[in-house]
Each structure stands twice: as C-alpha cells, then as structure tokens.
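Working notes, beginning with the structure itself.
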Amino acid sequence: MTAQILDGKATAAAIKSELAARVAALKAKGVTPGLGTVLVGDDPGSRWYVNGKHRDCAEVGIASIQRELPATATQEDVENVVRELNADPACTGYIVQLPLPKGLDQNPVLELMDPDKDADGLHPTSLGRLALGIEGPLPCTPLGIVELLRRHGVEINGAEVVVIGRGVTVGRSIGLLLTRRSENATVTLCHTGTRDLGYHLRKADIVVAAAGVPHLVKPEDVKPGAAVLDVGVSRSEGKIVGDVHPGVAEVAGWISPNPGGVGPMTRAMLLNNIVEAAERRAGV
Ligand SMILES: Nc1nc(=O)c2c([nH]1)NC[C@@H]1CN(c3ccc(C(=O)N[C@@H](CCC(=O)O)C(=O)O)cc3)C=[N+]21
C-alpha cells in the first residue's frame, strides 16, 4: 500500500483563492485587510519566511505592513513598534517573527500585542480563548492541519490522535483544537519524556509529528492506513528532513509531504486569521 498525499501546496492554493474572494468582498465594503510583520535582526531564514508572507498577501489582496529593526535594537525599540502596530488602523493583525535576536525577551513583546491583532493565534489571550471556547484567532499550524485533513476527507470525529512534541506552536495547542466538540478527537500528547512512543503510535488513526527529531516516526510503529502529518523541520546538507521516516509512506493511508505539506497550510492560515479578523471587525 502506498499512502495518499495530503497535498498542502495545492490545498493552500485553493484556500488562498477562496480568501481572495472574501478580501474582494471586504474591499467592496471599503475595508482593506492588512498584515503587519515585525522582523528584528538579519537572520536570512527569518527574512525569507517574512518575505514569503508578504508574497502570500499580495496574492490574495491583503495589504502588507513591513517593519524591520536592526539586530542592535533594544527591547524598548521593539516594544515601540508593537505599540505602533496596535494603534495603526490599517493593520488588521500582525506577527512578530520569532525567535528574536539574543538579548531580547520575547514574552513581554508578545504580551504587549493587542490580542485582537494576533495573527499567529499564539498570544496568551488567544490560547486562553481557545481553552475557554471563545471565538478568536487560532494557532496557524494546528488550524492548517485540521483543514488539510478535512479537505482530504480524513475522519477526525472519534479518531485517536497521537501528537509528538509539546511546543506551544503545534503540540501544546493542537490538542485544544482537536478536542473541541466540533472536531471531537481523542488526543494523546507525547514528548521526550514518553516512555514507550511506539505503544502510543501503534493505536493512532492520526499522527502529528512535531518533535523536530529527524525520522522519529518509523514504519513499524505506524498503524496501517493511518494519516501521518510531518511537521518536523530539521536541516541536513541544506535539505529539509522531517520527523517521519520515508518508509512510513508504505504503511500509512495518508501522508503529508515535507516540504509541501503542513508548511504552506500554516501560511494560508495566517492569511485566514487576517481575513477573519477583518470580517469580525466589519461585522460580516
Ligand atoms: N511569529 C512567528 N510565526 C510563525 O508562523 C513562524 C515564526 N514566527 N518563526 C519561524 C516559523 C517557521 N514557519 C514556517 C512556515 C511555513 C513554512 C513553509 O511554508 N515551508 C515550505 C517550504 C520550506 C523550505 O523549502 O524551506 C514547505 O513546507 O513546503 C516554513 C516555516 C513559521 N514560523
């Protein structure tokens, strides 16, 4: 058996064309959604990601607001940019590209953000709202995973989901999303302290691998027919190496390629959060 592909690139393209139509409708009402990015320092990887986000915005008609600070910026400098974007009516939502350069403290910066302008869905208020079931921006990678499964007809309702990794961007937050009544999955969160990962994996209908450990998920541990999402990003000789061993494609029913799987979906969901915030504010 060879797994079917959870094609994130094609799915993200379909979502972007739907978002473009919603942006056009907002513009007809006199509202132009705007995404802000705050980039501090000159890490080439971070710059590449941020540029990608602005390219995505251009594709769907969202305005771009780019703020850049040198690596020598002080905590106060960064916080002032956050205050400025909070006050800017053209900015529907924004992200502060992480990680910040050494010497800067990211938590006070994130807490200073207006939670209603949180495009990543990772502000303490956004995570609190998700836990409490209050509407608001949702974390982009978990949301992208749900959309990717849904649009390929993979059943989430009642599924046994095993998540590997307890990072806030994926592992910590996806359980909150998948155990809502609307998704209705059973979620097990595994991490480096899990004694027998294989034991959990072998019963999983859906595996979300977000540990950042190359080829951690082995074919012998995957239940035949399971859906496997590879979120891991490690680099070896310039190439992306995911958390899922290539042999898993012979056992799984569904597999997300990496690159071309969850990454493009994460970016599409960032745009989705901006459009939804603009619609919420315009009363659509
Ligand atoms: N405040 C903040 N929000 C973020 O969302 C955020 C961040 N900081 N810091 C860095 C990480 C990383 N991240 C990625 C998103 C998409 C791809 C993506 O689309 N990757 C492509 C290609 C990648 C390649 O070829 O290098 C793919 O998977 O197909 C990758 C990485 C968002 N991040």
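Here the extension length gained between K102 and T74 equals 9.0 nm, from 0.36 nm per residue of separation less the Cα-Cα distance. Counting only DSSP H runs of at least 4 residues, each contributing -39500 (n - 2.57), and dividing by the residue count of the chain, the helix-based mean residue ellipticity at 222 nm comes to -12000 deg cm²/dmol. Taking amide H positions as modeled 1.01 Å from N, with prolines and chain starts lacking one, the residues under 5 Å from V241 and 5 or more places away or on another chain are S234, R235, S236.
Summing charges over all other residues whose Cβ lies under 14 Å from the Cβ of T125, with Lys and Arg as +1 and Asp and Glu as -1, gives -4. Once the Cα-Cα distance is subtracted from the 0.36 nm per residue extended length, the Q66 to H152 segment shows a gain of 27.5 nm. How many angstrom separate the Cα center of the stretch 189-266 from the Cα center of the stretch 21-70? With the stretch 189-266 and the stretch 21-70 each reduced to a Cα centre, they are spaced 30 Å.
Between V217 and V244, H245, the built amide H atoms are under 5 Å apart, and every one of these is 5 or more places off in sequence or on another chain. In plain terms, the residue of T37, T125, T179 with the fewest other Cβ atoms within 10 Å comes first and the most crowded comes last, giving T179, T125, T37.
Determine the percent antiparallel among the DSSP beta bridges restricted to the stretch 140-261, to the nearest 5. Bridges in the stretch 140-261 are about 15 percent antiparallel. Backbone N atoms of the stretch 132-172 closer than 11 Å to the 7 Å Cα→Cβ label point of A14 belong to residues 148-154. Taking the average, over residues, of other Cβ atoms within 10 Å as the packing measure, peptides 139-149, 52-62, 227-237, 23-33 rank 139-149, 227-237, 52-62, 23-33 from highest down.
Counting other Cβ atoms within 10 Å as a rough exposure proxy, the listed residues S46, S17, S126 run S17, S46, S126 from fewest neighbours to most.
Could you tell me which of rounded, prolate or oblate describes the stretch 140-261, using a ≥ b ≥ c as the square roots of the eigenvalues of the alpha-carbon gyration tensor, with rounded for a/c under 1.5 and, failing that, prolate when a/b is larger than b/c and oblate otherwise? The shape class here is rounded. Can you return the aspartates and glutamates within cross-link range of K16? Criterion is Cα-Cα under 12 Å, with same-chain partners fewer than 8 residues away left out. List returned: D56, E59. If only the Cβ of Lys and Arg carry +1 and only the Cβ of Asp and Glu carry -1, the dipole of the stretch 140-261 around its Cα centre is close to 300 debye.
Quick note: the coordinates plus some simple rules give every number you see, no bench work behind them. It should be emphasised that the depicted structure is a prediction, and the values quoted were computed from it without experimental measurement. Neighbour counts are summed over all protein chains in view; Cβ atoms, including those assigned to glycine, are modelled from backbone coordinates with ideal geometry.
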